[in-house]
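The values are calculated or read from the model by the stated rules, or taken from the named source; none is laboratory data. Since we're looking at a predicted model, the values are computed, not measured. Note: ideal-geometry Cβ built from the backbone for every residue, glycine included; neighbour counts use all protein chains shown.
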Amino acid sequence: MKHIFFLILIIIGITSNLFAENKSTPPNIIILLADDLGWGDLGCYGNPIIRTPNLDRLASSGIKFKQCHSAGAICSPSRAALLTGKSPYRIGFFELQYEDVYMRDEEITIPELLKQKQYETFFAGKWHVSPFEKGMTPDTQGFDYYFASQFNSTSDDNSTKNPTNLVRNGQAVQETEGYYCDLVVNEAVNWLRDIRNSSQPFFIEICFSEPHCPVTPPEEYAEKYESQEVDSLARTLRYGGLLRWNGRYPGYVQESNFSLKKYYYGIVEQMDAAVGNLMEYLESSGLMENTLIIFTSDNGPEYPGMGYGLSSVRNRCWGTPGPYRGVKRRIYEGGTTVPGIISWSDEIKPGQVCEIPVSSVDFLSTICKIAGVNVEHQPELDGTDISALFRNPAAKIKRDVPLFWNTTYWGIPNMSMKYDGFTIVATFTLPSNPAAGPGAWAKEARLHHFEVYDVRSDVKQQHDLYPGNEEKYSYLIEKMVTLWEKVQSESPDWPGLTYRYGPKTLRKTGYDVINF
């Protein structure tokens with residue numbers, strides 16, 4: 001079925017126009033995806049501590065999105081949505097990828113669509129959307145060449161150094177020497193220089209393991225952040241409304257763990273340096289001019305401690321969502337609002353800033369537009385083409401489907417939606433059978449306990465407008481309920497899907513504490 005649909009798309013694509021009609025070849029395209037990087041973790045997004053000169057330079061060379069969202073609040077759903085242009089729940093990613101949750105063969109991805117324009121395609125880094133052990137590697141979803149790990153970096157000493165879980169085109173890489181972010185960038189540079197067909201345009205996706213746990217940068221990076229000045233600045237940052245370091249909540253990060261922040265700051269700078277190495281090669285080889293580069297993150301920063309006690313490796317996670325409420329796994333703004341940078345020297349004027357909300361679910365439609373690939377007949381896309389913003393950051397973007405997010409965790413809201421300048425938040429009704437798993441819960445859940453925030457004036461989401469104004473905002477609730485019921489009816493059933501961790505019951509992720 002997938003191959004027949006592919007044939008139809010190729011025929012349609014022949015008549016498509018390029019984004020820039022005066023170009024003789026489509027642009028090269030690179031997506032750089034960080035893991036668990038918060039909105040406020042880069043210098044260009046106002047971080048006063050972490051040094052990120054290369055990403056800052058990339059932002060100044062193009063357009064910086066102040067309201068860029070990941071497509072999900074956790075890893076696998078977000079990554080699958082980026083590749084397909086569809087909401088994670090619409091394609092069955094109710095949970096992290098594992099043996100019973102994966103990208104189905106019938107889903108059409110960005111690299112598969114770009115084949116219509118003879119793109120060569122390359123993937124390096126963390127995959128996490130389908131199981132390698134079932135033969136579902138990146139080449140089955142359109143990548144010609146891959147150098148990937150199914151999950152995050154794994155090494156003998158539980159660090160990002162010398163990872164032992166990388167696979168190159170079906171063959172396990174027996175030995176590696178170096179840190180994850182450097183290895184995946186070096187592989188990309190080698191492919192660009194020595195392997196690809198230089199007469200064809202290319203699509204590259206590089207998915208860093210950083211700054212996800214384990215947060216283990218080289219000591220020379222961490223040591224830069226040992227000073228009283230850094231300590232003082234770290235106490236001024238916001239952490240999504242969570243109490244971060246004052247010790248009031250045992251089991252989370254305590255004052256005694258405050259020194260661990262240096263590892264997080266160091267690993268973000270290390271990743272920035274790896275991006276700089278890639279940019280240096282693109283510039284020296286003359287590839288930068290006709291290459292569109294997208295940098296973003298798969299979700300907001302990791303929750304500190306995660307309730308696993310003071311020894312938790314997550315106590316090294318000191319990412320910040322800036323002014324926003326919430327962190328990873330939460331569908332308040334901080335869980336999905338992430339850095340979003342797009343640079344393309346041939347088409348995007350330097351130094352632009354965009355306030356329009358966009359999402360990584362928009363990348364497929366946008367990339368296909370500028371590459372001249374027609375996706376009008378691609379079914380049920382949730383994203384839209386945002387390329388008009390490249391020339392006018394205030395351009396009006398037409399959306400057939402509002403931006404929305406879901407998560408199947410107990411004790412926190414489970415859906416949010418942006419519409420008409422508001423963010424609407426809702427909670428799932430409890431499942432009839434908690435042991436049945438997240439898929440069954442999502443299939444039966446109804447929405448209730450609604451919250452409405454005017455995030456144009458209340459970015460912290462501290463003032464719920466819904467209580468006492470139910471009739472005024474009823475049109476927003478109706479829009480959300482209608483959208484949710486449609487997604488429920490279209491999402492796949494996963495037979496036997498249960499919870500991945502621990503007993504087959506609901507997993508609570510902890511409390512939200514508003515303390516800005």
*Out of the residues in the stretch 293-316 that are modelled with pLDDT of 90 or more and assigned to a loop (DSSP other than H, G, I, E, B), state the one that is farthest from residue 366 (Cα to Cα).*
302
_Selection status of residue 350, assigned by TED's automatic domain parsing to the domain that holds residue 112, at pLDDT below 90 and part of a loop (DSSP other than H, G, I, E, B)_ = no
*Yes/no for residue 167 being in contact with a Gly (Cβ under 6 Å, 6 or more places away or on another chain) and within 30 Å of residue 106 (Cβ to Cβ)*: no
*Looking only at the stretch 77-119, which residues are over 14 Å from residue 142 (Cβ atoms), surrounded by fewer than 24 Cβ atoms within 10 Å (Cβ to Cβ) and of a type in the set (S, T, N, Q)?*
97
*Check whether at least one residue in the stretch 177-190 is part of a loop (DSSP other than H, G, I, E, B), within 20 Å of residue 274 (Cβ to Cβ) and of a type in the set (Asp, Glu), and report yes or no.*
yes
*Here are some residues: 143, 123, 151, 93. Which one is of a type outside the set (Ser, Thr, Tyr), modelled with pLDDT of 95 or more and part of a loop (DSSP other than H, G, I, E, B)?*
143
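Condition check ((1) at pLDDT below 95; (2) farther than 21 Å from residue 161 by Cα) across all residues:
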site: 194; (1), (2): no, yes
site: 199; (1), (2): yes, yes
site: 202; (1), (2): no, yes
site: 207; (1), (2): no, no
site: 214; (1), (2): yes, no
site: 217; (1), (2): no, no
site: 223; (1), (2): no, no
site: 229; (1), (2): no, yes
site: 232; (1), (2): yes, yes
*List, please: which pairs have Cβ atoms under 8 Å, are six or more places apart or on different chains, and start with a residue in the stretch 383-412 that is closer than 25 Å to residue 327 by Cβ and end with one that is charged (D, E, K, R) and part of a helix (DSSP H, G or I)?*
383/362; 402/479
*Scan the stretch 381-401 for residues that are of a type in the set (D, E, K, R) and under 18 Å from the mean Cα position of the chain (by Cα) and jot them down.*
382, 385
_For the stretch 441-450, give me each residue that is closer than 22 Å to residue 242 by Cα and surrounded by fewer than 19 Cβ atoms within 10 Å (Cβ to Cβ)._
449
*Among the residues of the stretch 374-421, how many are surrounded by 20 or more Cβ atoms within 10 Å (Cβ to Cβ), at pLDDT 95 or above, hydrophobic (A, V, I, L, M, F, W, C) and touching an Asp or Glu at 6+ places or on another chain (Cβ under 7 Å)?*
2
*Among the residues of the stretch 214-233, which ones are touching a Lys or Arg at 6+ places or on another chain (Cβ under 6 Å) and either among the polar types (S, T, N, Q) or surrounded by 20 or more Cβ atoms within 10 Å (Cβ to Cβ) (or both)?*
215, 222, 225
*State whether the residues of the stretch 17-38 include one that is touching a residue at least 60 places away in the same chain (Cβ under 8 Å), buried (at least 21 other Cβ atoms within 10 Å of the Cβ), part of a loop (DSSP other than H, G, I, E, B) and of a type in the set (Lys, Arg).*
no
*Which condition number does residue 454 fail, the rest of (1) surrounded by fewer than 19 Cβ atoms within 10 Å (Cβ to Cβ); (2) touching a residue at least 40 places away in the same chain (Cβ under 8 Å); (3) touching a strand residue (DSSP E or B) at 6+ places or on another chain (Cβ under 8 Å); (4) not hydroxyl-bearing (Ser, Thr, Tyr) being met?*
(2)
*Output the residues belonging to the stretch 263-286 that are out of contact with any strand residue (DSSP E or B) (no Cβ under 9 Å at 6 or more places or on another chain) and farther than 17 Å from residue 35 by Cα.*
276, 277, 280, 281, 283, 284, 285, 286
